[in-house]
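Comments concern the structure below.
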Amino acid sequence: MKKLLLLSTFLFITLFATAIPDEGMWIPILIEKYNIKLMQEKGFKLTAEDIYSVNKASMKDAVVMFGGGCTGELISPEGLLITNHHCGYGTIQRLSSIEHNYLADGYWAMSRDQEIPSPGSFVTILKRMEDVTDKMFKGVTDGMDNEARQQLLNTNSEEIRKNAIEGTNYTARVTPFYMGNQYFLMVYETFNDIRFVGAPPEAIGKFGGETDNWVWPRHTGDFSVWRVYASKDNKPAAYSSDNVPYKPLYHFPISLKGVHEGDFTMIFGYPGSTSEYAPSYYIDMVKNYINPKRIAIQTAKIEIMEAAMNTDPLIRLQYSAKKFGIANGWKKSIGENQGLERMKTIEKKQEYEKRLTEWISADEGRKAKFGDLLPSYEKLYAQLRDYSLVNSFTSDAFFSSGAEAVGCARNMMTLAGLYETVPDEARISVVKSELLVGAKGFFKNYNPETDKKLFVSIMKLYGENLDPEWQAPEYIKIKNSCKGDFQVLADKLYPATIFADEAKFIAFVNAFNTGSVAKLQKDPIYRLAKSVSNFISENVRGGLNRISSEVQKLNPLYMTAQMEFEKDRIFYPDANSTLRVAYGSVKGYYSKDAIYFKHYTTLKGIIEKDNPEIFDYDVPDRLRQLYESRDYGRYTQDGEVPVCFIANNHTTGGNSGSPVLNAEGNLIGINFDRAWEGVASDLAFNPDQSRNISLDIRYALFIIDKFAGAGYLLKEMTIVE
Ligand code: ASP
């Protein structure tokens, strides 16, 4: 009997454990406390100390934040680093010219001296983290008003930060978790001498383009390789030919053993931002107010850029990174909205809020503490909607690769502003040279005809999508004066403005003096830029900040309410660009009734998609030859070259480039995307369909070795066969 009881308890625990969805982005120093047992039950063979330690080299020493928005990992004792192609895309574009087009043709350094310095690139490594909640709340009392509380938090945070880095070359940040209920100190080391080692042509690195982005099955060889350099004593240093390859404390061994359904996987990286605990009002604002209008303007921008890119290789090079930046977010918003609809996220949140409200109402103490929360959110979000929409839509229209000349004109406002009082010559000369440097980058990627088309379309959409009370006065004026015919307007403005012509712009800046301000005022593009920019700062930003900060004030308490309401649940904190661990397993999924997606793709699928007529599916000859001759080397699974695989790890933007590790902690892939049906996981994770997409590391090695002939790089890696 006793035996039976024990057995049933065991069964219950096992069933219970497997029933827990693999949702969550966990804090490395809390893995021991909350996760390691479950991870080991799922197959993980190492310890929490192997993942994160300050006493010995651990996995965390091999993970970097790549350029502020992505993750990368060190894969050799000599600073070799791998991340996604799309994470290096902007940099590779910047390093390219029409003669040396590394996007189109790819690039591989065949020796160290061919590694290309990449000014502006940097990687950051976490040295340590610490729970500093008590230190942060030192002196904070319940009765304190919000301003005094915030001030004290800032003072405490500054002191913690300063103490943490004293006498070191590190930087530190104190970051709020659980909406400000807990604080962690992060100490980082940043390296600035990063060199480009190689990347496949975008016909591999971006294979499938926007059509396949956010979609499974996927065949994108999304990787690029870099090297971190340091001073001779292995410390961060500005670029110098004397620098040497950085020697990391740890680098990931690479497994060639393969990826099978059900295998344990772990992702270690820097997820950017999620809002899993936000109230239904927030989801409603994003889904029903902001996403639809932003999708409309982004669609127009993408179509115009794409059409222009198809006419000329120079325009393709100029607009690739800009278009990719827009299209990545655009398509995600579309998938997110569909997912929220399919999962009925708003309705489910409302149902949850109803139960939460009942629980709050059942106790006087809870009523006093939490009773106002949801009604206050409702009121605030009803106001926040317009401000948020106007702010982001206006930026989409004029300042984030929108009507580009208008964006360029806005930069001139600082210089003109310096002439409003007694001119400070030193400051003027700094601002002038900044403008000239900025202009060089801007005009390198600028095509006036394309911009004119963007202008015509955007001017129309701005008027159609924002109510007149939210439109900048100068916009209304010029719209009336041209009777809404923006084509005629553009034909008149573009030849006359200095902001669509590099030579005119440079001459104007160089000769800028007191009289130039009046001249600027006559330039309609400048007037529009100034009006839009002032409108946002005077009529939008104030309201936006005020209401957002009201919302922020409610958030910690709302998180507390949820945590007290669901006492037995272990909550993971929302992503906030700090290092996290996600774990799960390799897993296919049903995309629709009767449509099951297998967990991996192969080179065969690339050949099946091959279509020289379509830019995104034009397979390079060399890859086709390798396929035809079956020259696969050791990079195969069941006779084919594996390309990508999916798993149910919880990831988001910023996790791009993250190492995907197997049960032994060896690198099996590089995370780069999520599958369409689960794209809404930043707001609601769906265990049945949320899947992260990773490049199989064997495909990366196959491309480096067999396609590019840069197999010498593999010699410095630790390969586990
Ligand atoms: N593709 C995404 C990115 O660009 C990764 C993700 O959101 O899953 O960051």
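Tabulated values for the structure
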| quantity | calculated |
| --- | --- |
| Charged-residue dipole, Cβ positions (Lys, Arg, Asp, Glu), the stretch 585-635 about Cα centre, Debye nearest 20 | 420 |
| Cα-based Rg of the stretch 81-190 normalised by 2.2 N^0.38 Å, two decimals | 1.62 |
| Gyration tensor (Cα) of the stretch 27-99, equivalent ellipsoid semi-axes in angstrom | 33, 13, 11 |
| Exposure proxy order (Cβ contacts within 10 Å, fewest to most) of 219, 650 | 219, 650 |
| Length-normalised contact order of the chain in % [C-alpha pairs under 8 Å, at least 6 apart] | 23 |
| Under Karplus coefficients 6.51, -1.76 and 1.60, residue-wise ³J(HN,Hα) of the stretch 551-566 in Hz, glycine/proline x | 4, 4, 5, 6, 4, x, 5, 5, 5, 4, 4, 5, 5, 6, 5, 10 |
| Cysteines without a disulfide-compatible partner [the chain; Cβ-Cβ under 4.7 Å] | 408, 482, 644 |
| For the chain, calculated [θ]222 nm from helices alone, where every DSSP H run of n ≥ 4 adds -39500 (n - 2.57) | -14000 deg cm²/dmol |
| Interchain or long-range residues, amide H under 5 Å from residue 107's placed H | 199 |
| Three-way shape label, the stretch 154-267, alpha-carbon gyration tensor, a/c 1.5 | oblate |
| Total formal charge among the other residues, if their Cβ is under 11 angstrom from that of residue 615, Lys/Arg +1 and Asp/Glu -1 | -4 |
| Fewest-first sequence of 408, 482 by Cβ atoms within 10 Å of each Cβ | 482, 408 |
| Whole-number percent relative contact order across the stretch 324-442, with pairs defined as alpha carbons under 8 Å at least 6 apart | 10 |
| Rounded to the nearest 20 debye, dipole of the stretch 268-396 from Cβ charges on Lys, Arg, Asp, Glu | 220 |
| Footprinting exposure proxy for 718, 394 (fewest neighbouring C-beta atoms within 10 Å first) | 718, 394 |
| Cα gyration tensor shape of the stretch 348-480, rounded if a/c is under 1.5, else prolate or oblate by comparing a/b with b/c | prolate |
| In Hz, Karplus ³J(HN,Hα) per residue of the stretch 348-358 (6.51, -1.76, 1.60; θ = phi - 60°; x = Gly, Pro) | 5, 5, 4, 5, 4, 5, 5, 5, 4, 5, 4 |
| The stretch 78-143, dipole about Cα centre (Lys/Arg Cβ +1, Asp/Glu Cβ -1), debye to the nearest 20 | 180 |
| Cα gyration tensor shape for the stretch 323-412, rounded if a/c is under 1.5, else prolate or oblate | oblate |
| Residues of type lysines that residue 135 reaches as a straight line, Cα spacing below 16 Å, ignoring anything fewer than 8 places off in the same chain | 162 |
| Two-decimal ratio, the chain, of alpha-carbon radius of gyration to 2.2 N^0.38 Å | 1.00 |
| Under 9 Å, Cβ to Cβ, from residue 720 - net charge with Lys/Arg +1 and Asp/Glu -1 | -1 |
| Local electrostatic count at residue 539 - Lys and Arg +1, Asp and Glu -1, tallied over other residues with Cβ under 15 Å | -2 |
| Amide H contacts of residue 674 (H built 1.01 Å from N, under 5 Å, at least 5 apart or other chain) | 214, 693 |
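None of the figures in this text is laboratory data; all of them are computed from the coordinates on show. In this text, all values refer to a predicted model and were calculated from it rather than measured experimentally. Quick reminder, even Gly has a Cβ in these numbers, built from the backbone with ideal geometry, and neighbours come from all protein chains shown.
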